[in-house]
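> Have a look at this one.
The values are calculated or read from the model by the stated rules, or taken from the named source; none is laboratory data. It should be emphasised that the depicted structure is a prediction, and the values quoted were computed from it without experimental measurement. FYI the Cβ positions are ideal-geometry reconstructions off the backbone, even for glycines, and counts take in every protein chain you see. Just the protein is used for accessible areas: all its heavy atoms, side chains included, with ligands, DNA and RNA removed. Shrake-Rupley method; radii C 1.70, N 1.55, O 1.52, S 1.80 Å.
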Protein chains: 2
Amino acid sequence: LIEAGSLDRLPHLLPEAHSYVIISDSNVAEIHGKHLQHLIPRSHLLSFAAGEANKTREMWQRLTDEMLDHHIARDGCVIALGGGVTCDLAGFVAATYMRGVPVVQVPTSLLAMIDAAIGGKTGVDVPAGKNLVGAFHTPHTVVIDPLVLNTLPDDELSNGLAEAIKHGAIADRAYLEWIEESAGAIFERRVHTLESLIRRSVEIKSQFVEGDVREAGKRAALNFGHTIAHALESLSNFELQHGSAVGLGMMIEAEIGAVMGVTDEHATAAITGALHRARLPDSIVFDNGLPLIEATASDKKVRGGTVRYVLLESIGKIARTERGDWTWDVPDDVVSEALRQFSV
Amino acid sequence: LIEAGSLDRLPHLLPEAHSYVIISDSNVAEIHGKHLQHLIPRSHLLSFAAGEANKTREMWQRLTDEMLDHHIARDGCVIALGGGVTCDLAGFVAATYMRGVPVVQVPTSLLAMIDAAIGGKTGVDVPAGKNLVGAFHTPHTVVIDPLVLNTLPDDELSNGLAEAIKHGAIADRAYLEWIEESAGAIFERRVHTLESLIRRSVEIKSQFVEGDVREAGKRAALNFGHTIAHALESLSNFELQHGSAVGLGMMIEAEIGAVMGVTDEHATAAITGALHRARLPDSIVFDNGLPLIEATASDKKVRGGTVRYVLLESIGKIARTERGDWTWDVPDDVVSEALRQFSV
């Protein structure tokens, strides 16, 4: 459900349950959590310290034990209220509580609305890497209230826009152009514009998830920009914002596709233009591309197999391999040549 | 797959995977694990200290981290080799490792062969109760080798027979009679008898699980005897064997059904006779039934809702309520009256 004002109507949108557990980080608990706890009968509010650093097994265990202390049973329901960290963490708590209780995702950041809350991926980070422990747990309902974005800082809005630009890049050229044109209205938080943005992005994400929840095929297309983005995040010790990393990742992967002779040469410019309007970094300079290439390989080591890339044919269209695969095996020297476009 | 000698053929029965992780307790690792590790290429053997006390989130975390240390990726496969504890614990590790990798269940106790390894329930115990954290994760394959039972102690065989008797009681009177007649051959470990026993029990369990993995309906029938069994186990601080508890639980629940006017009055005697032949406790004496009734209520407190009982109509047939439910709401005073049959 995507609707302005839906947060206040949440009590009427929940599945029947014996009791409800709202899980939020400390910030969102203050802004929205306490208010919702008053609105929802038989509800408990559990909060955890904000930040990706707390998306851990230890926090999962603590939240689970708090639910047990409150005698939440199989007929309980979890409400994940917050950004991507909360969606993932609270989703994993729900997925494993008495072998699974329903979760209602109530994302409060643009990134969570169009990405983390959709598609059923839940999980936590471990020292060896991000999201390495988790489960697929499709939410019972996803309730998105664009009005919530009024309290979201501009850079968080940019952070989410990177994924929206990705949706345009992989599936809908007209949407990408619309995002560019509408950037002003988006930052002004015009509610109809935000609603359209969220609706189209959720549609595109859902198309790729549908019938491929476990990412055996087309769901992989959603990883466009992400192979490089993960490497950039890891090189920055996760100080680079996810949206910034994805934006730069898309630029670089469009170049990689061009070097491969697969991607239309105008794609990079179209992405760069959109990133600029979304107030995201639209340039990067490498003295030496080697550390980045090494960082993509370490991701491979943990996740197995080879380093795979999603490549565009042109804006709005994914390039499939001759065998019909959604991802490409790209030799390191091709990546290296693409990175030379970004050297001084 | 139920077949004598299948353990040695295991390497040919596994799904394609980049690497394999055999998870076993310390005892089974010695008896079968090391041998299998030699047979299976690209395999690792992880073991944990035997016993239900180790079916914890901490052990789940340790095993997960060991898999990460071995760089097992999404294309890895877990082999759960052992009894019920291993099926549940290794199954949960597989269910949550990178959001789920395939698990092959290789049960080595009769109880695990006909119960824990079938049906996809995985999980761990927490201080608040057993199996309160977990996930549904259907195994890729279940490989059952009756020859493995040659090294299983007699009391462990009895432990498993309690569940087989339950399968007869809820679904197949002729099967219950066959178990009684075949008890001698079972304890002599005659391989064809064991194969028939396992096959029929797996068939019955699968019938009830099919189409109801999450226990919304008919799967609940498999809990016959278990409401009382859980209370007896908890009263004994889990020193009572699960099979003994289930056996006594079935006797008492047959009496409860008789007091309710639902269960044929000959059912208790049929169950008692079979328990005797299976070398399981077939009598119990209560000075005072109150602690037992209180223990059933504490289960309710954690799991939610009311105390529900599965009642027989007669041996081989479950009694459904007027509304068609598979479980019955039984007032405490009915339980109390049934327990008087077992008082001095």
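> Running Debye on region A:1-124 with equal point scatterers at the Cα sites and no solvent, what base-10 log of I(q)/I(0) appears at q = 0.17 Å⁻¹?
The computed values of log10 I(q)/I(0) come out as -0.77.
> Continuing with the same structure: Helix B:173-187 versus the longest principal axis of chain B: what angle, 0 to 90°, nearest 10, using Cα atoms?
Result, in degrees: 60.
> How many Cβ atoms of partner chains, on average, are near each residue of A:47-58 if near means within 10 Å of its Cβ?
1
> Then there is this: List the distances, in nm to one decimal, from the label point of B:Gly211 to the label points of the same position in every other copy, shortest first, placing each label point 7 Å from Cα along the Cα-to-Cβ direction.
Nearest to farthest, the other copies are at 2.6 nm.
> Treat the protein assembly as shown as a sphere of radius equal to its Kirkwood radius over Cα pairs and apply Stokes-Einstein at 25 °C in a medium of 0.890 mPa s; give the translational diffusion coefficient in µm²/s, rounded to a whole number.
Answer from the Stokes-Einstein relation: 90 µm²/s.
> Test of understanding: express the Cα radius of gyration of chain B as a ratio to 2.2 N^0.38 Å, with N the residue count.
Compared with the compact-globule rule of thumb, chain B sits at 0.99.
> For A:Pro331, place a label point 7 Å from Cα along the Cα-to-Cβ direction in every copy; what are the distances to the other copies, in nm, shortest first?
Here A:Pro331 shows inter-copy label distances of 8.3 nm.
> Just name one of B:Gly324, B:Leu157, B:Leu13: the one whose Cα is farthest towards the positive end of the charge dipole of the protein assembly as shown (beta-carbon charges, Lys/Arg +1, Asp/Glu -1).
B:Gly324
> If you put a point 7 Å past Cα along the Cβ direction, how far is that point for A:Lys34 from the same point in each other copy, in nm, smallest first?
Result, one decimal in nm: 6.2.
> Hey, got the average number of other protein chain Cβ atoms within 10 angstrom for residues in B:93-103?
Per residue, the average neighbour count from other chains is 5.
> Taking θ as phi - 60°, what are the ³J(HN,Hα) couplings along region B:226-239 by the Karplus curve (6.51, -1.76, 1.60), each to the nearest whole Hz, with x for Gly and Pro?
7, 4, 5, 4, 4, 5, 5, 4, 5, 4, 8, 6, 6, 8
> Quick one: net charge of B:Lys166's neighbours, Cβ under 12 Å, K/R +1, D/E -1?
Local net charge: -3.
> To the nearest 0.05, what FRET efficiency results for B:His38 and A:Thr321 with a Förster distance of 41 Å applied to their C-beta separation?
Step by step, r from the Cβ atoms, then E = 0.60.
> Still on this structure: Treat every Asp and Glu Cβ in chain B as -1 and every Lys and Arg Cβ as +1, leave all other atoms uncharged, and give the resulting dipole magnitude about the Cα centre to the nearest 20 debye.
About 860 debye.
> Moving on to the next point. Averaged per residue, what accessible surface does the protein assembly as shown expose to a 1.4 Å probe, in Å²?
39
> Oh, and also: GluC sites (Glu not before Pro), restricted to region A:179-258: which are DSSP loop and have at most 11 other Cβ atoms within 10 Å?
Sparse-neighbourhood loop GluC sites (Glu not before Pro): A:Glu188, A:Glu210, A:Glu239.
> Closest approach to the A-B rotation axis by any Cβ of A: residue and distance in angstrom?
A:Ala135, 3
> With a 1.4 Å probe and all protein chains kept in place, how do A:Asp125, B:Asp154 rank by accessible area, largest first?
B:Asp154, A:Asp125
> How many lysine pairs in chain A, separated by 8 or more positions in sequence or lying on different chains, have Cα atoms less than 19 Å apart?
Final tally of qualifying lysine pairs is 14.
> Something else: Using only Cα atoms, find the angle between the long axis of helix A:267-277 and the longest principal axis of chain A, and express it within 0 to 90 degrees, rounded to the nearest 10.
So the inclination is approximately 50 degrees.
> What ³J(HN,Hα) values, in whole Hz, does the Karplus curve 6.51 cos²θ - 1.76 cosθ + 1.60 give for region A:56-70 when θ = phi - 60°, with x put for Gly and Pro?
Listing the rounded values in order: 10, 5, 5, 5, 4, 5, 5, 5, 4, 5, 5, 5, 5, 4, 7 Hz.
> Between the alpha-carbon centers of region A:200-275 and region A:104-157, tell me the distance in whole angstrom.
Here the answer is 18 Å between Cα centres.
> Residues in region B:39-77, backbone N under 13 Å from the label point at B:Asn150 (7 Å along the Cα-to-beta-carbon vector): list them, ranges by number please.
Output list for this probe position: empty.
> Round to the nearest 10 and give me the degree value, 0 to 90, for the angle of helix B:290-303's Cα axis relative to the longest principal axis of chain B.
Once rounded, one gets 50 degrees.
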